[in-house]
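First the structure, in the form of structure tokens, and then the observations on it.
The values are calculated or read from the model by the stated rules, or taken from the named source; none is laboratory data. Model, not experiment: these values are computed from the prediction. Positions of Cβ are generated from backbone atoms using ideal geometry, with glycine treated the same way; all protein chains shown enter the neighbour counts.
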Amino acid sequence: MGDTPSQGGNSQTDLESFHVRRIVASNPNTPAEILRGLGADESSVIRRSVAENPRTPHDILYSLAKDKDPDVCLAISENKRVGTDALTILIQDENVDVRYGVAENHQMPDEILLALAMDENPYVRCRAIKTIARLLPEKQSRLQALISQALLPFRFAV
């Protein structure tokens with residue numbers, strides 16, 4: 001099994017089923033119980049569609065934050081309904097691309113950006129600091145002060 005129906009041996013029905021599942025997973029009018037089932041689909045494409053859906057409930061996004069596919073996790077970080085608890089899982093993801101993607105999003109809560117500004121990976125740290133530098137001046141000043149208190153050896157180019 002995989003992300004899409006394989007070319008060999010699968011019928012047109014399998015391909016149609018995949019496309020229907022993807023459309024249903026993306027539809028903001030899909031009920032939560034159906035999204036829950038699609039969130040456990042064997043295809044990462046379907047799980048990513050659930051993660052991207054703007055109406056996916058918080059608890060499903062939280063479950064998907066533990067997904068092994070980085071694209072699913074990145075989609076969660078861009079969903080406006082994601083909670084801090086799911087983001088806390090994502091900023092601990094072993095995949096540096098997931099952490100970098102979260103650090104790139106300027107709509108992250110302060111504590112998430114602050115944690116990423118102290119990430120072990122220098123690229124993630126730099127991305128988080130650049131994201132903080134793009135924020136509104138009052139929010140930026142507050143986060144810079146918090147980082148200074150943490151004694152980070154970084155300076156912002158503002």
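If I go through the range 10-25 residue by residue, how many of them are closer than 24 Å to residue 95 by Cβ and surrounded by fewer than 18 Cβ atoms within 10 Å (Cβ to Cβ)?
Our first condition is that a residue be closer than 24 Å to residue 95 by Cβ; within the range 10-25, this holds for 22, 25.
Still in the running and surrounded by fewer than 18 Cβ atoms within 10 Å (Cβ to Cβ): none.
The qualifying residues number 0.
Scanning the range 43-55 for residues that are of a type outside the set (Gly, Ala, Ser) and in a helix (DSSP H, G or I) yields 45, 46, 47, 48, 50, 52.
Show me the helices (runs of 4 or more DSSP H) found entirely inside the range 56-156 where at least 3 residues are under 28 Å from residue 26 (Cβ atoms) and of a type in the set (A, V, I, L, M). So that I can check it myself, show each step before the final result.
Working: elements: 58-64, 70-77, 84-90, 96-104, 110-116, 122-133, 137-149.
Passing ranges, in order: 58-64, 70-77, 84-90, 96-104.
The sole residue among 133, 157 that is surrounded by fewer than 18 Cβ atoms within 10 Å (Cβ to Cβ) and modelled with pLDDT under 80 is 157. With respect to being touching a helix residue (DSSP H, G or I) at 6+ places or on another chain (Cβ under 7 Å), touching a residue at least 12 places away in the same chain (Cβ under 8 Å) and of a type in the set (Gly, Ala, Ser), residue 115 falls outside the description. For the range 50-77, which residues satisfy the criterion of being within 24 Å of residue 96 (Cβ to Cβ) and not aliphatic (A, V, I, L, M)? Within the range 50-77, 52, 62, 63, 66, 67, 68, 69, 70, 71, 73, 77 meet the criteria. If you check 40, 25 for being aliphatic (A, V, I, L, M), modelled with pLDDT of 95 or more, farther than 28 Å from residue 120 by Cβ and part of a helix (DSSP H, G or I), only one passes: 25.
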